[in-house]
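Please read the structure below before turning to the comments.
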Amino acid sequence: MLPAFTLSQWLLAALGAFCIGFSKSGFPGSGLVTVIVMAHLFGARESTGALLPMLIFGDLLSVRVYHQHAQWRLIRRMLPPTAAGIVGGWLVMQWLPAAAFRPVIGWIVLVMAALQAVRRWRPALYAGVPHSREFAGGMGVATGVSTMLANAAGPVMGLYLLAIAVPKYELVGTSAWFFLIVNVFKVPFSAQLGLIHGTTLLFNLLLIPVIAAGIWVGRMLMPLVSQAVFEALLLGFATVAAVRMIWF
C-alpha cells in the first residue's frame, strides 16, 4: 500500500526524488534538499530507510554515466573507515529515541551544508590538508555516521576528495561507485531497524522515473550552469529547512 499523501506531499516527494538524480549527476548540494523533504514526509528516523533504495537507484544511474572517471585507489582507502562509521551509526539508532531524530538530522544537514559551502567558496582552506591515512580515516568514519543517521554524507566525501585535489569529473565518478557500495552495505542495517518495508518500496518504485529525469537534466546542465551559484541557492534552502527542524 502506498503512503496516504496529499497532492502537495506527492509533489514534495517528486521534488526529493528529482534532487536525488540531480545530486548524482554532479550537483551534490541538492541531495540535502532530499534529506529534508523525506524527513518531513516520513518522519526523521523512518525517512532514512524510505530514502535508501532511491539513493541506490540513483547511484546505479550515476555509475552508468560516470564509471570511467572513478579512482579506485581512493575508494579502497575510504571504505573500511566508512563501514566502521555505518556500524557506529546503526548502534546509535538502536537506542536514540524517535523524537530525537528530527533535531539530529537537522544538525547533520546544517553541518553538511556548512561544509559544502566552505568546499565551494573557500577551497584554499583545504589546499594544505595532508594526504594521510589518519585524515582519510577520520573523514571515512564521519561519512559512515552521517550516511547511516541521515543519508547526508555527500558533502563529507566531497570535502575529502576536494582536499586531495581530485578533478571534477573524477570526483563525480569516484563518489558514484563509492556511494553505490556504501548504500548497498547499509541495506541490512536499515532492514533490521524496520525502516525498509513494503510501503516504502512501493513508494520508491513509483518515483524511479523522476530520479532518472533528475540524472538526465543534471547531466545536460552540468557543462552549462554555474554550479557555484546553483549550489548557493540549494544550500540556502537546506540551511533554512535544517534550522526549522532543530528549533521549530
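What helices does the chain have that are whole DSSP H segments, at least 15 Å long along their own axis by Cα, and with mean Kyte-Doolittle hydropathy of 0.5 or more?
On the way: long enough: 7-24 (26 Å, 1.25); 30-42 (19 Å, 2.01); 44-66 (31 Å, 0.79); 72-95 (36 Å, 0.47); 101-121 (29 Å, 1.08); 133-150 (25 Å, 0.69); 168-192 (36 Å, 0.76); 198-221 (35 Å, 1.66); 227-247 (30 Å, 1.50).
Counting only whole DSSP H runs, the qualifying helices are 7-24, 30-42, 44-66, 101-121, 133-150, 168-192, 198-221, 227-247.
Go through [x] 1.10; [y] 1.16; [z] 0.93 and flag the label whose value is the computed Cα Rg over 2.2 N^0.38 Å for this structure.
[z]
Rounded, prolate or oblate for segment 1-97? Axes are the square roots of the Cα gyration tensor eigenvalues, ordered a ≥ b ≥ c, and the cut-off for rounded is a/c under 1.5. Please list the in-between numbers first.
Working: a/c = 2.64, a/b = 1.25, b/c = 2.11.
Since a/c reaches 1.5 but b/c is at least a/b, the shape of segment 1-97 is classed as oblate.
With a sphere of radius 13 Å drawn around the Cβ of ARG133, what net charge do the other residues whose Cβ falls strictly inside it have (Lys, Arg +1; Asp, Glu -1)? Don't skip to the end; give the middle numbers.
On the way: positive: ARG73, ARG76, ARG77; negative: GLU134.
Residues close to ARG133 contribute a combined charge of +2.
Bear in mind that the values in this text are calculations on the coordinates, not laboratory data. Nothing here was measured: the structure is a model prediction, and the numbers come from that model. All Cβ positions, even for glycine, are placed from backbone atoms using ideal geometry, and neighbour counts span all protein chains on display.
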